[in-house]
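Notes for the one structure printed next.
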Amino acid sequence: MNIVQTKLKDCYIFEPTVFGDNRGYFFESYNKVKFESLIGKSVNFIQDNEAFSNKGALRGLHFQKGEFAQAKLVRVTHGLVLDVAVDLRKDSETFLQHIAVELSSDNKKQLFVPRGFAHGYVVLSDTAMFNYKCDNVYNKASEGGVIYSDQDLKIDWKLNPELFIVSEKDKILPTIKELY
């Protein structure tokens, strides 16, 4: 497994070693010992989630606050998404910076999004299956978000905004300036 440090502190891309032959392929998608050795800290994932979405579905940018903050390890098992992480940690040298990474069933990359980040994605293929591990439980009272179209973040979602399918809740999320 190869690990790539992104420009955001503590946010990593994992590229698995894929073994293929005439039967298909095999790869280790998660190994706690290797994972923690690579990132240099312990993470206790307690929940796996899966979302199926159609092209243009944009989910985000979401986060959990306080004691319910979540780290996530995300991947795509079918299709292609543009995955976005935004550093919201005020004490971080990468505060308010973001990365956008294409995750797909073909490239099998995974993104580790640490606590203190907003996270979202848009589906670029006809459909996509998005999977993620969380290290904390979801708490409705602790949810927060940033509007995906925030002009200060300048995220290029790589899709015509007319194609976006966005929940009513996500359409009214605050801007970065409204949060800070």
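Taken together, the values in this text are just the output of simple stated rules run on the coordinates, not laboratory data. Owing to the predicted nature of the structure, the values given are computational and were not obtained by experimental measurement. Cβ: placed from backbone, ideal geometry, glycine included. Neighbour counts: every protein chain shown.
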*Name, by its number, the condition in (1) assigned to a strand (DSSP E or B); (2) among the charged types (D, E, K, R); (3) over 30 Å from residue 168 (Cβ atoms) that does not hold for residue 28.*
(1)
*Exactly one condition in (1) surrounded by 14 or more Cβ atoms within 10 Å (Cβ to Cβ); (2) closer than 22 Å to residue 149 by Cα; (3) of a type in the set (S, T, N, Q) is not met by residue 92; state its number.*
(2)
*Output the residue which, of all residues in the stretch 1-32 that are surrounded by 14 or more Cβ atoms within 10 Å (Cβ to Cβ) and in contact with an Asp or Glu (Cβ under 8 Å, 6 or more places away or on another chain), is nearest to residue 97 (Cα to Cα).*
8
*asked:* Return the residues of the stretch 129-180 that are of a type in the set (Val, Ile, Thr), in a loop (DSSP other than H, G, I, E, B) and surrounded by 14 or more Cβ atoms within 10 Å (Cβ to Cβ); say none if nothing qualifies.
replied: 146, 147, 155, 175
